[in-house]
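Participant: Here it is: the structure, laid out below.
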2 protein chains.
Amino acid sequence: MKGHAKDIKPKVTVNDRFWKRKIEVVQKEVIPYQWKALNDQLSDAKPSHAIRNFKIAAGEEEGEFYGKVFQDSDVAKWLEAVAYSLETLPNPDLETIADEVIDLIGRAQQNDGYLNTYYTIKEPNKRWTNLRDNHELYVSGHLIEAAVAYYEATGKKKFLNIMCKNADYITSVFGPHKHQIQGYPGHQEIELALIKLYRITNKDAYLQLSKFFIEQRGKEPHYFKLEAKKRNDDRPFRGELKYKYNQSHTPVFNQTEAVGHAVRGVYMYTAIAELASITGDNTFIETAKKLWNNVTKKQMYLTGGIGASPFGEAFSTDYDLPNDTCYNETCASIGLVFWANRMLQMEKKAEYADVLERVIYNGTISGMDLKGNKFFYVNPLEVTPEVIENRHDHKHVKPERQTWFKTACCPPNLARMVTSIGKHIYSVEDQQLFIHLYMGNEGEFIINGTPVSIVQKTTYPWEATVEIEVSPAQPNDFTLALRIPGWCQHATITIQGEVFNIADNLKDGYVYIRRNWKENDLIQLHFQMEVQRIRSNPKVRENVGKVALQRGPIVYCIEECDNGSDLHGIALPSDAKLSATYDENLLNGVVYISGEGKRISETSEKEELYSTIPMTTNKVELKAIPYYAWCNRKPGEMRVWINNQLQ
Amino acid sequence: MKGHAKDIKPKVTVNDRFWKRKIEVVQKEVIPYQWKALNDQLSDAKPSHAIRNFKIAAGEEEGEFYGKVFQDSDVAKWLEAVAYSLETLPNPDLETIADEVIDLIGRAQQNDGYLNTYYTIKEPNKRWTNLRDNHELYVSGHLIEAAVAYYEATGKKKFLNIMCKNADYITSVFGPHKHQIQGYPGHQEIELALIKLYRITNKDAYLQLSKFFIEQRGKEPHYFKLEAKKRNDDRPFRGELKYKYNQSHTPVFNQTEAVGHAVRGVYMYTAIAELASITGDNTFIETAKKLWNNVTKKQMYLTGGIGASPFGEAFSTDYDLPNDTCYNETCASIGLVFWANRMLQMEKKAEYADVLERVIYNGTISGMDLKGNKFFYVNPLEVTPEVIENRHDHKHVKPERQTWFKTACCPPNLARMVTSIGKHIYSVEDQQLFIHLYMGNEGEFIINGTPVSIVQKTTYPWEATVEIEVSPAQPNDFTLALRIPGWCQHATITIQGEVFNIADNLKDGYVYIRRNWKENDLIQLHFQMEVQRIRSNPKVRENVGKVALQRGPIVYCIEECDNGSDLHGIALPSDAKLSATYDENLLNGVVYISGEGKRISETSEKEELYSTIPMTTNKVELKAIPYYAWCNRKPGEMRVWINNQLQ
C-alpha cells in the first residue's frame, strides 16, 4: 500500500486577495443563496424541494418526492461547501443549520443504512433496479464526501457515522461475491468518495469496493444490459453514444480515450488516479496516464473546459474543439481539478499542476458571476447572442449566467471547489513539501515530526512575485519543492537574498531546495509574466488562423462591451503590440490587455453578399479581459480565439 | 392583366455538352432508376410504395397506404421529368408507361375530383382536416404541374383533364365565401401550380385561388390554430419556429425576411413573383422584391444553397451562413431556380439571371452524382467526415451521396429541373427576345408573327465564347437582349464580324440589340472568364479570413483526394498565382484550378495542444474542382471557403 497516509492533509488558510474574495462571495452569497434554493425560498428560480424530500423521507412531512432523481446530491454538495467554509471561517449559526440538516439526513436514513429520498419516498421496493439511470450510488458518494469534509472541518462524527453506516450497507450489497450485485454506478462518483472515507477510517472494505466498481465496469456480460432486460426496458440508450455515455462501453483498463459524459468520465478518472497512487498498481497508473494525456493534450479547451459535445454533455474526439457549440460544463472542469490533484498525488510533475492552475483560474470560476448569484452550466469560448437565439444547435449555450438551475449541480459544486481551493496548494510527501500553486495563504504542516509554518505573500495571478516565509518550529532539514509554472519563460529564486540555481535543481517542473530551514527563512520568487500569443495545435480545425491571449495562468477574451459588436471582424496581427494594465476598478480588480488590432471597416447595407473587391480595414484599439470575468458588465458577444488576419 | 400570354414559351432543344450529358444521365439513369424506386424494385433503398398506393386507392390491389403523407408527389415529379424528357427526346416505351401511370391516377381519383391516396386509403372521412401537416394541396400542386408539362410535351389531354377536375373541386372547396374553407396549404406548392394551369386553360378561377391562398395566409384568426383546435391538437408546433415554419406567422405582404422551411418559402415566393407579373399588383411586386433581396443578398450561400438551418430545414437570419452545418436542401435550390425564373418574368434584370445561373451550375446539380444514381439532400460547403461521424449536430450532413431517400423529394425534383433546363434560357416579351443563359441549344420562337430560330454554340461554362446564329424566316426587325453575366469583368460582342458597342446599349445587365435580323446573322460573344477570388460580406461570421474560388458561373472546392486531409490547414494567400486547365478525363471533363498555396507542416504526435511557438508552413500545389462534382471519386474532406492565411 504505497503512498497511504503519507500525504497528510495540511491546514491552509487562504488570505489571498483574488481567492479570498471568491471564498467570501461563496460564504456570504452562494452558501446562503443555495440554502434558500434548497428550501424553495427563491422567487426567481424553480423550486428545488431538496430539503423537503428529506423531511418527507424521514416521515416528518406529507408530500411527494419532487425534482431529479439525484436531488439529494445538491444538499450534499452544499454541506461539503459549508464544511470547507467552517474549516477556515467559524460560523456557529451556519454550523447549527448544517447540524440540523445532518440530523435530518440521519432521520431519513433507513434502518439498514440505505439513504436516498427518491427511492425511499417513491419506489421503496425498487432499490438498485436501475443503477444505470437513477443515481443512488452517486448520491451516496456526494453525501460521503460531505461527511468526510464535515468531520475534518468540525471534528463532529455524526454525519460520518451516518455515511459509514450507508457505506457499510453498500459494501454488503455490491461486490464480487455471488450473493452481491456485480453492478456499478451509472454516474461515477462514489468511487472517489469511498477512497476519501477509506483515508479517514482506514477501513479496507471501502477501498476494495471502489476498486471493484472500477474493475467491474464495462465487463461482459454487460451489467446495464442485463439490468435493462430485467426491467423489460429495450429502449435504445443514449443514441449513437450508447454505453460510451457512461464509460461502460469497454472495461476501464482498455480505455485510452476519454468518451461520453464528461463529468462521469472525469470523476472516474479521478478515482483511477487515486487508486493508482494508493495501490501502486501499474494497470491503474498506466490507465490514468493514458486518459490524462488524451484529455489534456487532445480534448481540453484553453480555459480548461472539457466536454466539447452538447449531445450527452460529452467528450468528442481528438482535437474536435468547437468554440461556440461546446458544452464545457462547469462541473466537468471542477472534476478536472480533482483529477489533476490526484495525478499530482501519484507523481510530482508540474504538468499536472499546470492544468490544475489553468482550470481553477479560467473554466471553473467562469461558471459564477462576481457577485455569486448567477451561474453558467455551459462555458463557451465564443458567444454571439444572435446566433444562440437563432440556431437550434446553439440552444444549450446561454448568453448570460442564469439563476439556480433545475439541474443544479454546478453552483454547489463551484461552492465546494472555491472553499476548498487551499487544499490544492501544497502536498507533503516523505520529507518533502511541495508547493503546487502560488496564492496568498498561511499553512501549517508537520515535516519530520516538526511543525512548519509557511506564509505566501503574492498578488498572483496579476503579478508573479511571490514571497514565501518558511518557519519550522525548530531548524529542520527538509526539501521544499517549488513548481515553475509552465507558462513562465524565465524564473528567478532567491533564498535569504541569495540567488538559487534553478537549472541544476529542476526536475519535472519542480525546483527542489533541500536545506536546513530556520525560522523566517525568506524565499523570493519571480516568474516573468508576459502577455503571450497562444496558438492551437494545427489539428484543431476551429483555431487555425486564430490567436488567444494569455498572461500567467489567466486566459483572456474580448467582449462586445469593450470592443463593439461583430468580434469576428477583429484581427490581432502577429506584430500587434500588447500591453498589460492593472485596473483596480475593473471587474473587482484585474489586469486587462490592450493592443492595436485591425477591424473590418463599417460596411454599408448595400455591400454585396459576395465580392471580388478586397475589404477595407482600419486600426483599432482592442481591450481583452480575463475570460473568467466575462459577462459581468453587459451581455453581448465574447470570444477567446481572435482572428490573426482578416484577408 | 399585364403580361399574360406575352411570354410565349419557346421550344428549345439543349444540345450543349455540359447539360446534354446531365439530361442524358437523367433520361438513361435517373428516370428508369426512379421508376424502379416508385415500384419498390430497388434492393438497396427503402420501399417507396408510391405506385402501389395509387393501385390500392383505385381499388385494384389490397393493402395499406405506406410512406409519407406526400408520397404521391414522387410520382408527380417523376411524370413531370418524363414529360420534359419526352418533349425533346421521344421515347414511345416511356410514354406508354407514363400513360399507364396517368390512367392509374385517373382511376384513383374520387368521383368529385378529390385525389390523394393517403386520405383515400386511410382516412376517407378526414379530407382537409389537417392542411397544416398533411400535404393534400401540395400533392395536388405537383400533379397539376406534371399534368401541364405532360400536355405541353405530348399534346395529350387526359392527365390535364384529371387535374382540371381536381382543381375545379379544390376551387369549389377553398375560397373566401362562407361555404368554403378559408384555409391554405401547410406546404405551399399548389399556388404556383394553379398559375401554370391558368396559363394553359385561361381559367380565371385557378388564378384567383392561387391569389386567395397567398392573401389569406397568416391572417388572423389564424387558420392553422383554428384547425388544430378542431382536431383537439394542442401540441406545440415546430418548436421555436412556430408558424414561421410554414411562413404563416404573419400575413404574406408583411413578410420582408425569408423565414422557416426553405422549400415551402421559395415555392411561395415563386408564386408571389408570378402573380406579380401577371396582375401587375404592386403589393405582390414589392413583396417579391423584398424577399428576393433578403434571400439573395443576405441568406444565400455562394453555391446558391438556401436554408442555413437544419432545424426545420429552414432559413436562419441575415448573414448566418455556417458552411458545415447548413441544410441547403437540393429542393430549396431548385425552388430558387423557379423563383429566379419568375423574377425575370416580372422584370428583365440580369441580377435574377445571375442567381439562376449560380444555382443551376452549383447548389442544385451537386445533389446528384455524375452517374445519376446517388443523391444529396443536404448540400454543405464544408465536410469533414470525422466531424460528421462524431458530432450529433452534424448528423444531417452526409459525407457521401445516398441512394433514394425515404423522403424522396430531391431526386425527382432534380430530374425535372435538369430535363427542363432549356426553359430558362430565353424569354420573349413584346418584340424582344431575351437570352438569359448561354448553353448550346437550338430554339424556335415566334417574334412579330415570324418564326425565328436561334442556334447557340459554346463550350460554356468552361469557356465563355458563344456563337449565336439568328435566323428569322424572313428579315425581321426586333430586339435581341443579351445578358452580360455578373461575374464578367470584360465582354465583347461582334455582329457579323463588327464590334457592337455594349456600354451604350446596356440596361440592367442586358445589352439590347435592335436591328433587322436576317437569316444566319452571326453574333459572337466573348466574356472574359478568369479565376476569381471571392470574399464574403464581412457580416458573414464564418467566412472572414477565407476565400473561395469561382470561374465563370462555377464555384470551386478543394477535396481531400486532390489535396490530402486536414484541409483547414491549407491557405491560399492573396498573391497565390492561380491557373485554370481543362481536363477531358477529370469528372466527365471539367476545368480545374491549380495554384500555389501554403500548408501547415506535418506535426508530430507530441505537438502541444497549445503553444506560443509559431507554426511552420510549406508551399503546396493546390487543386480545386467544381463544387457540383465533389465526392465523385473518393469520399473525404471538402471545403469551398479556404483560409487566406494560417497565422
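Participant: For the B and A pair, go ahead and give the buried accessible area with a 1.4 Å probe, both sides summed, in Å² to 100.
Facilitator: Buried surface at the B/A interface: approximately 5300 Å².
Participant: Roughly how many whole Å is it from the C-alpha centroid of region A:226-301 to that of region B:517-561?
Facilitator: Rounded to whole Å, the Cα centres lie 50 Å apart.
Participant: Treating only the Cβ of Lys, Arg, Asp and Glu as charged (+1, +1, -1, -1), what charge dipole size does the protein assembly as shown show about its Cα centre? Round to the nearest 20 debye.
Facilitator: 1320 debye
Participant: Turning to a different aspect of this structure: Calculate what fraction, in whole %, of the accessible area of region A:536-643 sits on carbon and sulfur atoms when a 1.4 Å probe is rolled over the protein chains.
Facilitator: That fraction is 44 percent.
Participant: Give me the one-decimal nm value for the distance between modelled label points at A:T403 and A:E519, 7 Å along each residue's Cα-to-Cβ direction.
Facilitator: So the label points at A:T403 and A:E519 sit 5.5 nm apart.
Participant: Defining the label point at 7 Å along Cα→Cβ, can you sort the distances from A:E220 to the same site in each other copy, shortest first, in nm?
Facilitator: Spacings between copies for this position, smallest first, are 6.3 nm.
Participant: Next question. Along the positive direction of the dipole of region A:7-424 (beta-carbon charges: Lys, Arg +1; Asp, Glu -1; about the Cα centre), which of A:G280, A:Q109, A:N15 reaches farthest?
Facilitator: The Cα lying farthest towards the positive end belongs to A:G280.
Participant: Another question, if that's okay. Classify chain B as rounded, prolate or oblate from the Cα gyration tensor: take a ≥ b ≥ c as the square roots of its eigenvalues, call it rounded if a/c is under 1.5, otherwise prolate when a/b beats b/c and oblate if not.
Facilitator: Note, shape of chain B comes out oblate.
Participant: Using the Cα centre of the protein assembly as shown as origin and beta-carbon charges of +1 (Lys, Arg) and -1 (Asp, Glu), tell me which of A:A45, B:A350, A:P380 is placed farthest towards the positive end of the dipole.
Facilitator: Checked the options; the winner is A:A45.
Participant: Placing +1 at every Lys and Arg Cβ and -1 at every Asp and Glu Cβ, with all other atoms neutral, what dipole size does region B:426-527 have around its Cα centre, in debye to the nearest 20? Let's see the in-between values first.
Facilitator: Numbers: 6 positive and 13 negative charges, 33 e Å.
Magnitude of the dipole: close to 160 debye.
Participant: To continue, here is another question. Run the dipole for region B:7-424 about the Cα centre, Lys and Arg Cβ at +1, Asp and Glu Cβ at -1, nothing else charged, and hand back the magnitude in debye, nearest 20.
Facilitator: Numbers: 55 positive and 54 negative charges, 104 e Å.
The calculation lands at about 500 debye.
Participant: Here is a further query. Protein chains only, probe 1.4 Å: how do A:C561, B:C164 rank by accessible area, largest first?
Facilitator: A:C561, B:C164
Participant: For the protein assembly as shown, report the accessible area per residue in Å² (1.4 Å probe, heavy atoms, rounded to an integer).
Facilitator: Counting only protein heavy atoms, the per-residue value for the protein assembly as shown is 36 Å².
Participant: What figure in square angstrom, to the nearest 10, would you give for the accessible area of B:K77 with a 1.4 Å probe?
Facilitator: Number for this one is 0 Å².
Participant: In addition: At a Förster distance of 60 Å, what's the computed FRET efficiency of A:R231 paired with B:N448, Cβ-Cβ distance as r, to 0.05?
Facilitator: So the FRET efficiency works out to roughly 0.15.
Participant: Please state the relative contact order of region A:536-643 as a whole percent: Cα pairs under 8 Å, 6+ residues apart?
Facilitator: Values: 178 pairs, mean separation 42.6, N = 108.
Once divided by the residue count of region A:536-643, the mean separation gives 39 percent.
Participant: Measure out, as a whole number of angstrom, how far apart the alpha-carbon centroids of region A:595-647 and region A:19-64 sit.
Facilitator: About 42 Å separates the Cα centre of region A:595-647 from the one of region A:19-64.
Participant: A further question follows. Mind listing which trypsin sites (Lys or Arg not before Pro) in region A:591-620 are in a DSSP loop and have 16 or fewer other Cβ atoms within 10 Å?
Facilitator: A:K606
Participant: Considering Cα pairs under 8 angstrom that are at least six residues apart, work out the relative contact order of region A:1-138 and quote it in whole percent.
Facilitator: In percent, rounded to a whole number, it is 23.
Participant: Moving on to the next point. Projected onto the charge dipole of chain B (+1 at Lys/Arg Cβ, -1 at Asp/Glu Cβ, origin at the Cα centre), which of B:H392, B:G141, B:S85 gives the Cα projection farthest towards the positive end?
Facilitator: Value computed over the given set: B:G141.
Participant: With every protein chain in place, what's the accessible area of A:T171 (1.4 Å probe, Å², nearest 10)?
Facilitator: In the full protein context, A:T171 sits at about 30 Å².
Participant: If R₀ is 51 angstrom, what is the calculated FRET efficiency for the pair A:A473 and A:K158, using the beta carbon separation as r and rounding to 0.05?
Facilitator: Step by step, r from the Cβ atoms, then E = 0.90.
Participant: What is the packing order of peptides B:239-246, B:435-442, taking the mean over residues of other C-beta atoms within 10 Å and listing the highest first?
Facilitator: On the way: B:239-246: 18.5, B:435-442: 22.2.
Result, highest mean Cβ count within 10 Å first: B:435-442, B:239-246.
Participant: While we're here: Using a label position 7 Å from Cα in the Cα→Cβ direction, what is the ascending list of nm distances from B:E469 to the same site in the other copies?
Facilitator: Here B:E469 shows inter-copy label distances of 10.4 nm.
Participant: Hand me the GluC sites (Glu not before Pro) from region A:484-568 located in a DSSP loop with no more than 16 other Cβ atoms within 10 Å, in residue order please. Could you put the intermediate results ahead of the total?
Facilitator: Values: sites: A:E498, A:E519, A:E530, A:E542, A:E559, A:E560; in loops: A:E519, A:E530.
Here the GluC sites (Glu not before Pro) that fit, given the DSSP loop and packing criteria, are A:E519, A:E530.
Participant: Using DSSP, restrict attention to beta bridges with both residues in chain B and report what percent are antiparallel, rounded to the nearest 5.
Facilitator: 95 percent
Participant: Right, something else. Hey, for B:G155 with labels 7 Å out along Cα-Cβ, what do the inter-copy distances come to in nm, ordered shortest first?
Facilitator: From this label point to the equivalent ones elsewhere in the assembly: 11.1 nm.
Participant: Let me check against my output: what whole-number percent is the relative contact order of chain A, with C-alpha pairs under 8 Å and at least 6 apart?
Facilitator: Once divided by the residue count of chain A, the mean separation gives 12 percent.
The values are calculated or read from the model by the stated rules, or taken from the named source; none is laboratory data. Keep in mind that what you see is a predicted model, and the values were worked out from it rather than measured. Neighbour counts are summed over all protein chains in view; Cβ atoms, including those assigned to glycine, are modelled from backbone coordinates with ideal geometry. Side chains included, ligands, DNA and RNA excluded: accessible areas come from the protein's heavy atoms. Shrake-Rupley method; radii C 1.70, N 1.55, O 1.52, S 1.80 Å.
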